[in-house]
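Encoded as structure tokens, the structure appears first; notes follow it.
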Amino acid sequence: MLDMSMFRDHADVIRSDHDRRGIPHDSIDEVIRLDGEWRKSRYEADQLRKERNDAARGIAEAKKSGDEAAANAILSEVADIGAKIDELAAYSDECLLKRDSLRMGIPNILHEDVPVGEDDQKNTLHSLHGEKPEFGFEPRNHNDLIDMNGWVDQARGAKVAGSRFYFMQGDLARLEMALQQYGADFLMDRGYTLVQPPLMMNREAYEGVTDLSDFETVMYGIDPDKYYLIATSEHPLTAMRMDEIIEPSELPIKIVGVSPCFRREVGAHGLSDRGIWRVHQFTKVEQIVICKPDDSWDHHEELLGNAIGLWDSLGLHYRVVNICTGDMGTVAAKKYDLEAWLPGAGAYKEVVSCSNCTDYQANRLRMRYRTSEGNSAVHTLNSTAIATSRTLVAIMEQCQNEDGSVSVPEVLRPYLGKNALESL
RNA sequence: GCCGAGGUCGCAUAGCCCGGUAUUGCGCGGGCCUGGAAAGCCCGUGGGAUCUUUCCCUCGCGAGUUCAAAUCUCGCCCUCGGCGCCA
């Protein structure tokens, strides 16, 4: 959510950002109008409240000196003031509520480096990493590899839960655990604190960190308790400090979170999605930074650097892209994706997403830090380190052998105690 | 699940019985003092509006009673403690 000062003093910045995104200005104008209405009615109600408070003080004085007649005189003068205040207050509350629910839907201001374009075809190449693997045979896609090795039981996953649920088993499950451990160790070495978050959140906290439409398409809701299963540990870990005023000495807060992630994946179907590339549940090692506004762009590059260091150490081939305006979403001001090469699919596909959300989440979460000029919103950033299911797919496809076995990346061998994944 | 206690400004606290301007300490920021510091003293330290001067709101949340609610009434949420159940 953008700060109100943006609408009052720099509406032109929001308008030109909407132009870059190719969306209309209606909501901006309406927010500004409602803000004016709110301020006006709020001021009038405040004046009436002042009258009432003055009268109440007068009555208190009169009663203290035993002058009942004077007290009653004041009382009759202000008899109907309460009703007037209620009426104005109801109107001003309504304006405020409308203003802010509209404001929640207005996206963050994009960084100037964000390329303009309508969809992911217009994302720009940032860098290429690792060697594209060459095979002396026709490489298989990961779905064939998990089937022939018995590593994932999709049919029984569908039976006990539903489509896109799965049982992961044997050496692939061991590799999954190794990735979690390795990813967490990698980031702890770089000064990040390991945190395991709650896997469910309440609505209020969740609204602080995500696009509202995600409640329909992404998150699972748990009734009757009104909880939501987290779609990523970014959500609880960012909301962790909501409603807090953070001492500057605590900043930057650097966290590595490890958790299962739950996603409805509404609308995703099709043969190309078979396997574990797009599933309802996976585990993710996530990087989180909460910092002072002036430092956030440096931290954004740091998070990208960590992801690159981690993926380079796995020996995989991938590229980094700079996400364009049309592919950006509501919350981030700038986003890099890492896209791993999948030889079986013959394409680069998204495995890491690295975002600077500036003060957008912090404003909604009322998450501030203390400065000598008062309290000011912090900036929040997040980046995938390892999304296990997709990393497993990249490893399977890039490190596969002709017999269908899969070589384990060097750095993971100590965690598994073997050099290749064996079939079940 | 049952019983009990509690939720007040960044933290800690007083006020609640008996309705009438949110108390004090710590921390933090600024100032005075100093060669410099410490100590001491003074001011500030939640949100908002504003004619820049003042005003309004804020005591877990919401309703009610009242001229007036941190304070009284009702409902809800959360935390802590005890008991029960439990990986």
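About the centre of its Cα atoms, the stretch A:28-92 shows a dipole size close to 220 debye [charges on the beta carbon of Lys, Arg (+1) and Asp, Glu (-1) only; nearest 20 debye]. Dipole magnitude for chain A: about 640 debye, using +1 per Lys or Arg Cβ and -1 per Asp or Glu Cβ, origin at the Cα centre.
Using only Cα positions of the stretch A:2-71, each an equal point scatterer, no hydration layer, compute I(q)/I(0) via Debye at q = 0.16, 0.17, 0.19, 0.26 Å⁻¹ and quote the log10 values to two decimals. For the requested q values the scattering log ratios are -0.67, -0.71, -0.80, -1.06. With a Cα cut-off of under 30 Å and a minimum spacing of 8 residues unless on different chains, the lysine pairs in the stretch A:4-104 number 10. Kirkwood hydrodynamic radius of chain A from all distinct Cα pairs, in Å? Taking the inverse mean of 1/r over all distinct Cα pairs, chain A comes out at 24.5 Å. Other residues with beta-carbon under 12 Å from the beta-carbon of A:D120 carry, at +1 per Lys or Arg and -1 per Asp or Glu, a net charge of -3. Rounded to the nearest 5, what is the percent of antiparallel bridges among the DSSP beta bridges in chain A? So the antiparallel bridges in chain A amount to around 90 percent. Each other residue within a Cβ distance under 11 Å of A:L229 adds +1 if Lys or Arg and -1 if Asp or Glu, for a net charge of +2. Over 20 Å between Cα atoms: which of A:K159/A:K284; A:K284/A:K349; A:K122/A:K334 fall into that group? Checking Cα-Cα distances, A:K159/A:K284 exceed 20 Å. Cβ-to-Cβ counts within 10 Å put A:F135, A:F186, A:F215 in ascending order as A:F135, A:F215, A:F186, the fewest first. Angle of helix A:170-189 to the longest C-alpha principal axis of chain A, folded into 0 to 90 degrees and rounded to 10: 50°.
Since every read-out is calculated from the coordinates, none of them should be taken as a lab result. Since the structure is predicted, the reported quantities are computational estimates derived from the model, not experimental observations. Note that we place each Cβ from the backbone using ideal geometry, even for glycine, and neighbour counts take in every protein chain shown.
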